[in-house]
Amino acid sequence: MPEHLRAFAFVVLLSASLWPALSRVFSPVGGGGLRQLLPAWFWITAFAFLSHSFWVYALLTGVFVQVRFKTAPSAQLCALFCVLMFAVPPAGPQVPGFGGVTYLFELTNTRLLTLLLLVPAISRLGRNAHSGLLKHPGDKTFVALFVLLAVLQTREQNATNSIRRIFCLLLDFGIPYYAFSRAARTMEDFRLILGAFCGSVAFLSVMASFEFLRHWNLYMGLISALGYEWPLSTYLPRDGMLRATASTGQAIVMGYVAAVALGLWLYVSRLVPGGTSKKVVFLALCFGFFASLSRGPWLGFLAMFIAHSWLQGKQTAKVLKVAFVAVFLVYAASFTPQGERLVNLLPFVGKVDSENATYRQKLFDNSVLVIERNMWFGSENYMETPEMQEMIQGQGIVDIVNTYIMVALDNGMVGLTFYLAFLLKALLAVVQQVKRLKDHVDERALGISLAATLVGILLMIVSVSPISFVPTVLWMVVGLCSAFSVMQIQPKAPSAARAALSKK
């Protein structure tokens with residue numbers, strides 16, 4: 001039996017084993033709508049593994065979406081995007097061209113879902129006070145950043161390549177941000193979208209845990225079966241253990257996605273009933289988070305926890321107490337064989353793969369030299385410079401493991417400034433909204449979770465380039481932060497005593 005069919009059997013079995021817990025936990029989320037969306041994971045997984053062609057898979061997925069969700073509202077389509085996004089690796093073949101054009105663009109699975117779900121979501125927004133462009137606090141910065149990036153794509157002498165890059169920029173950045181920032185209007189919309197994301201990552205985490213335990217990449221065979229190549233899908237060990245990737249293609253991306261899900265779970269967990277099923281879902285997310293063996297996401301989630309505690313108004317002493325207990329446990333564990341192995345995996349204090357820190361430092365130093373020569377708007381040929389060629393690894397590539405450095409290399413300090421301004425504007429808008437919601441417990445908890453998650457992302461992308469799901473998840477969270485900052489909060493109903501007094 002081919003490897004991808006054997007993997008399909010395990011993927012279905014693992015997903016089915018988690019389904020009862022997910023069904024019970026998320027049944028009250030989003031008015032029960034999430035329970036109708038999660039089964040779509042099984043359909044899309046079956047289409048991918050059994051079609052033996054990306055084009056057949058794309059056709060089946062398009063028909064499925066059109067038949068089942070033809071009249072779905074925008075928020076439900078965005079939630080479905082979150083459910084299906086992680087079912088298939090974010091890669092795909094090139095769309096054949098015509099009239100002398102070799103190919104139109106690379107149709108990754110994420111772009112396919114963007115066309116099938118997010119574009120219709122935007123078309124169904126309707127007219128309201130916040131659906132138009134330049135209606136949100138960060139929209140001006142968003143437009144400025146998008147225009148700058150689009151203009152810089154024209155540095156390519158080939159007009160066809162420039163048009164292709166601008167179109168892909170629209171698919172990868174413009175549409176995801178705009179769809180999520182406009183589709184979420186009510187608390188019910190936010191609950192549906194966040195619950196869909198956490199539920200989908202729970203499925204993904206079960207696959208990652210299986211890969212970690214069995215040393216088998218479940219999705220590697222699927223790539224070749226669909227008829228294209230994806231260089232990210234490789235086996236990557238660490239201290240004799242397999243770093244799980246599931247459908248993300250890279251272990252650090254798996255850790256990044258799981259960390260974001262845990263950050264959003266800080267709010268979603270408030271909505272679901274307690275019990276064994278809730279613990280199962282939480283443990284699944286934690287196991288997937290650990291199975292990546294990625295230090296950057298571990299630090300990112302620590303930043304989320306600290307930011308979440310601070311925004312909740314918890315005393316600094318309590319946060320320091322938790323940190324002290326964690327440090328003590330790590331120190332005590334170092335005296336046991338298994339504990340010492342775990343400590344060696346930790347950032348800063350661990351000895352495993354310590355050469356990665358040396359590579360990152362050298363990458364930073366060399367990148368600064370390249371950026372200085374193209375200070376303002378970067379260069380499209382930075383990879384050909386001697387400093388970058390010096391960073392070529394054994395795989396024959398330069399791994400720019402820092403999103404901020406890549407933005408500066410490609411778009412200069414002007415591009416990096418606009419990029420940071422856009423992200424920080426979204427974060428600041430959420431924090432300001434949270435401060436205004438002192439008497440709205442549920443809404444305030446949502447804002448705190450979104451702000452803390454974005455803080456963690458801003459730290460995590462220091463250690464990973466914008467590959468795989470990294471940019472898509474980033475723009476999704478930024479879009480939700482933007483939507484939350486302008487959400488109309490219903491005034492609290494007056495108490496019975498106050499109502500009686502007002503009648504007098």
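The values are calculated or read from the model by the stated rules, or taken from the named source; none is laboratory data. Source: prediction; values computed, not measured. Cβ coordinates were reconstructed from backbone atoms using ideal geometry, including for glycine residues, and neighbour counts include every protein chain displayed. Note: accessible area is taken over every heavy atom of the protein model, side chains too, but ligands, DNA and RNA are not part of it. Shrake-Rupley method; radii C 1.70, N 1.55, O 1.52, S 1.80 Å.
Straight-line reach from K140: taking Cα to Cα under 20 Å and skipping same-chain neighbours fewer than 8 places apart, the aspartates and glutamates in range are D172. Taking trypsin sites (Lys or Arg not before Pro) across segment 110-150, the ones in a DSSP loop with at most 13 further Cβ atoms lying within 10 angstrom of their Cβ are R127.
Only protein atoms count toward the accessible area here, which uses a 1.4 Å probe; on the chain, the carbon and sulfur part of that area reaches 64 percent. For the pair M413 and Y235, a Förster radius of 41 Å applied to the C-beta separation gives a FRET efficiency near 0.60, rounded to the nearest 0.05.
Under a 5 Å amide H cut-off, with hydrogens placed 1.01 Å from N, L104 pairs with V95, G97 among residues at least 5 apart or on other chains. In this structure, the amide hydrogen of R238, modeled 1.01 Å from its nitrogen in the peptide plane, lies closer than 5 angstrom to those of R243, counting only residues at least 5 positions away or on a different chain. Charged side chains reduced to their Cβ positions (Lys and Arg at +1, Asp and Glu at -1) give the chain a dipole of some 2500 debye around its Cα centre. Segment 102-146 and segment 203-239 have Cα centres separated by 30 Å.
Over the chain, accessible surface divided per residue gives 45 Å², non-protein components excluded, 1.4 Å probe. Pairs over the 30 Å Cα-Cα cut-off, from the set K135/K438; K70/K135; K70/K425: K70/K425. Sequentially through segment 59-72, phi angles give Karplus couplings (6.51, -1.76, 1.60; θ = phi - 60°) of 5, 5, 5, x, 5, 4, 5, 5, 6, 7, 10, 4, 10, 5 Hz, Gly and Pro residues having no value and appearing as x.
Bridging of K362 to aspartates and glutamates at a Cα separation below 16 Å is possible for D353, E372, E387, E390, D399, once same-chain residues fewer than 8 apart are set aside.
Among (1) 24.3, 82; (2) 22.9, 82; (3) 23.5, 74, only one was calculated for this model; which label is it, if the read-out is Rg and Dmax of the Cα atoms in Å? Calculated Rg and Dmax of the Cα atoms in Å: the matching label is (2).
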